[in-house]
Amino acid sequence: MATRARQAVPLVERDRAFFFAMAMAIVITTISGFALQFAAGRSSLASPWWVHLHGMTAVGWLALYATQNFLVFRGSFAAHQRLGVVASVYLAWMVVAGLSVTALSAVAHRIPPFFETNVFLVMDWLDTLVFAGFTAAGVALRAQPDWHRRLMLCGAIQVMAPGAGRLLPLPLMGTWILWSIWLVMMVYLSVAVAYDLFTRGRVHPAYLWGVGVITLSVAAMRPIAFSPPVLALTQSLTG
């Protein structure tokens, strides 16, 4: 028993280091995407206030997610739990901000020209809801650390999509834009799956949910976007 306990400690420590490293990779990827667009002159500080508010909201979530993983990495579990209460409330604001800013972008005709407006609306709205679903499930299962940390990671990978997309030559991809962003998310999920296989010899079911839900949401985006209700909504927002 004592021998098994000693052998388990390094795995626990490796898990903490792995999830913190993944959090930092997600933060760096997301910020790099927006920084690239700013450096290229395709983003401007002259954007409307609600664009900046949305940006600060997203940065705030990334900071919370990275901090939470850092606290676990350091073994500061009491602080992690206290900050988790703040993060749970903040999640609701993330959803409100995400859904609202997407609609405002359509109204203000600020959607990138290489996106079909109806597709952009559905993409952003589904991204927001999938992120919220994974994260809410992770919070609900916080008493089960194996599920909690993996579902939170799936949510973070989903929320990374806008930043990751800005690293890609999207104007050249036509109708493959959605799947190109999906591919980036799958790279990060594949790293997590590979880590499970290496350390445990099996893939945790949370990642199966992650791959499945993200893939299904991407597959559904264009069909939903071209459904009569969404086309009518798009017309009402942009007309």
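Bear in mind these aren't lab numbers, they're just calculated from the coordinates by the rules spelled out. All of these numbers come straight from a predicted model, not from anything done at the bench. Because the Cβ atoms are built from the backbone with ideal geometry, glycine has one as well, and the counts that use them run over all protein chains shown.
Worth a mention:
- Degrees, to the nearest 10: 49-74 long Cα axis against longest axis of the chain: 10
- Among 167, 231, sorting on how many other beta-carbon atoms sit within 10 Å of each Cβ, with the fewest leading, yields 231, 167.
- Our helix-only sum for the chain, with -39,500 (n - 2.57) per DSSP H run of n ≥ 4 divided by its residues, gives a mean residue ellipticity at 222 nm of -28500 deg cm²/dmol.
- The relative contact order of the range 109-159, computed from alpha carbon pairs under 8 Å that lie at least 6 residues apart in sequence, is 34 percent.
- Put simply, the C-alpha atoms of the range 138-239 give a gyration tensor, and the ellipsoid matching it has half-axes of 31, 17, 11 Å, longest first.
- Against the chain, whose longest principal axis comes from its Cα atoms, helix 77-107 is set at around 10 degrees.
- Ordered by the count of other Cβ atoms within 10 Å of each Cβ, fewest first, 109, 80 give 109, 80.
- The range 89-182 shape via C-alpha gyration tensor axes, a/c threshold 1.5: oblate
- For the chain, a Gaussian network of Cα nodes joined below 10 Å ranks 152, 173, 160 by mean-square fluctuation, and the top entry is 173.
- Modelled spin labels at residue 28 and residue 143, positioned 7 Å past Cα toward Cβ, are 3.8 nm from each other.
- Summed over all non-identical Cα pairs, the Kirkwood treatment of the range 47-238 gives a radius of 17.7 Å.
- The range 92-187, relative contact order in percent, only Cα pairs under 8 angstrom and at least six apart counted: 23
- The range 29-61 and the range 103-158 have Cα centres spaced 17 Å apart.
- Mean Cα-pair separation over length for the chain, i.e. relative contact order, pairs under 8 Å, 6 or more apart, %: 24
- Two-site label geometry, residue 13 and residue 82: point separation in nm, points 7 Å out along Cα→Cβ: 2.7
- Each of 154, 139, 178 was placed along the dipole of the range 84-198 (beta-carbon charges, centred on the mean Cα), and the one lying farthest toward the positive end is 139.
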